[in-house]
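One structure is given here, and the rest of the page talks about it.
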Amino acid sequence: MTRAPASTRRAALLAAGCALMVRPARAEAPREESSRAESSRAEASRAEASRVEAPAVRIASLGGAVTEILWALGAAPRIAIVDTTSLYPAEVQRLKPNAGYLRALSAEGLLSVAPDLVIAAEGAGPPAVLALVAEAGVPVRWVREPPSAEGVLEKIRQVGRLAGLAAEAGGLAQAVADRFTALAQARRRVEHPIPALVILSLAHGRVMVGGRNSAADGILKLAGLRNAAADLDGFKPITDEAIVAAAPDLVVMMAPEGTPPTPETVFAPGTALGRTPAAAAHALVILDGLTLLGFGPRTPEAADTLMRRAYPDLRHG
């Protein structure tokens, strides 16, 4: 709770003390004086409450989905700084100062823009840096990121509450919930989920994939797909032998910087991926990382993109 400055409190106490020392001229004066004091205290309480509840005007938005939600809620003018994962909408990085990578922030960089609130996605840090920001008097609020439909909706509502935009967040959450409902209806028509592999990076023969308990696993479930790397936990490198054994029918890739890969390069002859069922069908989907794994307002569309590629004959809507 915000406390009034010490000087203000001392002045109020002094004024109250002086009032008690003044002898009333009439018998009714003590009652009038008490009423005025009560009124003054009530007014001070209302002013204090308004200060506590007033929405932040300079928000440090840390996390791509957090920034995307704030932007969708109309809070863009109140965002003071973002991180490098805040890539949507496209103008974010051009219009807002950048605090650096989400997991390698600096207290100096954040405090340089004088924020009055930090809204941080899970994983932002280092924790010691955000502890320093909090010690400097800036509230730091964390947003959980479970990779599920309900997790997305609660994230929207939580960011809205923190930004003082609960009503707007409720409307956005309802619109996103409606799209998740339509997605679930299509998913129920999937009789035999096919195996898919989510690749985070593919460089120098080293393949990094998303296993169980990961955002990759979450997006595949939403799309009615089976995770071909479910034997791994989290994001892990996978061997060539394991790729061939997993036999994915669909490969999903996080778009790298620069020129996007093509099926010809991903499924090149002689590679492990080139020996999968996905290679025979050139079944490849490439999405940017925030769309694919950010679990923000556009997650229903991301899952729908995967579902349509995996099940082209599935009736939607």
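The values are calculated or read from the model by the stated rules, or taken from the named source; none is laboratory data. Given the structure is predicted, the values throughout are model-derived calculations rather than measurements. When we count neighbours, we look across all protein chains shown, and the Cβ atoms used for this are built from the backbone with ideal geometry, even at glycine. For the accessible areas, the whole protein counts, side chains as well, though only heavy atoms, and no ligand, DNA or RNA atoms are used. Shrake-Rupley method; radii C 1.70, N 1.55, O 1.52, S 1.80 Å.
Looking only at residues in segment 135-167 that are part of a helix (DSSP H, G or I) and among the aliphatic types (A, V, I, L, M), which one is most open to solvent (accessible area, probe 1.4 Å)? Steps first, answer last, please.
Within segment 135-167, the first condition is being part of a helix (DSSP H, G or I), and the residues that meet it are 135, 149-162, 166-167.
Next cut, among the aliphatic types (A, V, I, L, M) only: 149, 152-153, 156, 159, 162, 166-167.
Working: 149: 28, 152: 1, 153: 20, 156: 0, 159: 0, 162: 47, 166: 60, 167: 85 Å².
Per the stated criteria, the residue is 167.
If we scan segment 199-208, do we find a residue that is among the small types (Gly, Ala, Ser) and either touching a Gly at 6+ places or on another chain (Cβ under 9 Å) or more than 30 Å from residue 284 (Cα to Cα) (or both)?
Just the residues of segment 199-208 that are among the small types (Gly, Ala, Ser), to begin with: 201, 203, 205.
From the residues that got through so far, the ones that are either touching a Gly at 6+ places or on another chain (Cβ under 9 Å) or more than 30 Å from residue 284 (Cα to Cα) (or both) too are none.
Looking through segment 199-208, none of the residues is among the small types (Gly, Ala, Ser) and either touching a Gly at 6+ places or on another chain (Cβ under 9 Å) or more than 30 Å from residue 284 (Cα to Cα) (or both).
For segment 98-116, a residue qualifies if it is open to solvent by 70 Å² or more (accessible area, probe 1.4 Å) and either of a type outside the set (S, T, N, Q) or closer than 22 Å to residue 215 by Cβ (or both), and the qualifying residues are 101, 103, 108. For the criterion of being open to solvent by 30 Å² or more (accessible area, probe 1.4 Å), at pLDDT 95 or above and either farther than 29 Å from residue 146 by Cβ or not small (Gly, Ala, Ser) (or both), residue 277 passes.
I'd like to know if segment 129-139 contains one or more residues that are touching a helix residue (DSSP H, G or I) at 6+ places or on another chain (Cβ under 7 Å), within 26 Å of residue 214 (Cβ to Cβ) and small (Gly, Ala, Ser). For segment 129-139, residues touching a helix residue (DSSP H, G or I) at 6+ places or on another chain (Cβ under 7 Å), within 26 Å of residue 214 (Cβ to Cβ) and small (Gly, Ala, Ser): absent.
Which is buried (at least 22 other Cβ atoms within 10 Å of the Cβ) and either modelled with pLDDT of 95 or more or closer than 18 Å to residue 145 by Cβ (or both), of 70, 95?
Working: 95 fails: buried (at least 22 other Cβ atoms within 10 Å of the Cβ).
After applying the criteria, what remains is 70.
Looking only at segment 188-197, decide whether some residue is crowded, with 19+ Cβ neighbours inside 10 Å, closer than 30 Å to residue 60 by Cβ and not aromatic (Phe, Trp, Tyr). Checked segment 188-197: no residue is crowded, with 19+ Cβ neighbours inside 10 Å, closer than 30 Å to residue 60 by Cβ and not aromatic (Phe, Trp, Tyr). Which ones in segment 179-210 are out of contact with any Phe, Trp or Tyr (no Cβ under 7 Å at 6 or more places or on another chain) and small (Gly, Ala, Ser)? Within segment 179-210, 182, 184, 186, 196, 201, 203, 205 meet the criteria.
Name the single residue, out of those in segment 234-267 being of a type in the set (Gly, Ala, Ser) and not in a helix (DSSP H, G or I), that is least open to solvent (accessible area, probe 1.4 Å). Spell out the reasoning first.
Our first condition is that a residue be of a type in the set (Gly, Ala, Ser); within segment 234-267, this holds for 234, 242, 245-247, 255, 258.
Restricting the remaining residues to those that are not in a helix (DSSP H, G or I) gives 234, 247, 255, 258.
Working: 234: 14, 247: 35, 255: 41, 258: 66 Å².
So the residue we want is 234.
Kindly evaluate residue 108 against the criterion of being out of contact with any Pro (no Cβ under 7 Å at 6 or more places or on another chain), farther than 18 Å from residue 80 by Cβ and charged (D, E, K, R). No, not satisfied. Of all residues in segment 117-134, those satisfying the criterion of being open to solvent by less than 60 Å² (accessible area, probe 1.4 Å) and more than 13 Å from the chain's Cα centre (by Cα) are 117, 125, 126, 129, 130, 131, 133, 134. In segment 100-119, the qualifying residues are those that are among the aliphatic types (A, V, I, L, M) and in contact (Cβ under 8 Å) with a residue 60 or more places away in the chain, and the one that is nearest to residue 146 (Cα to Cα) is 119.
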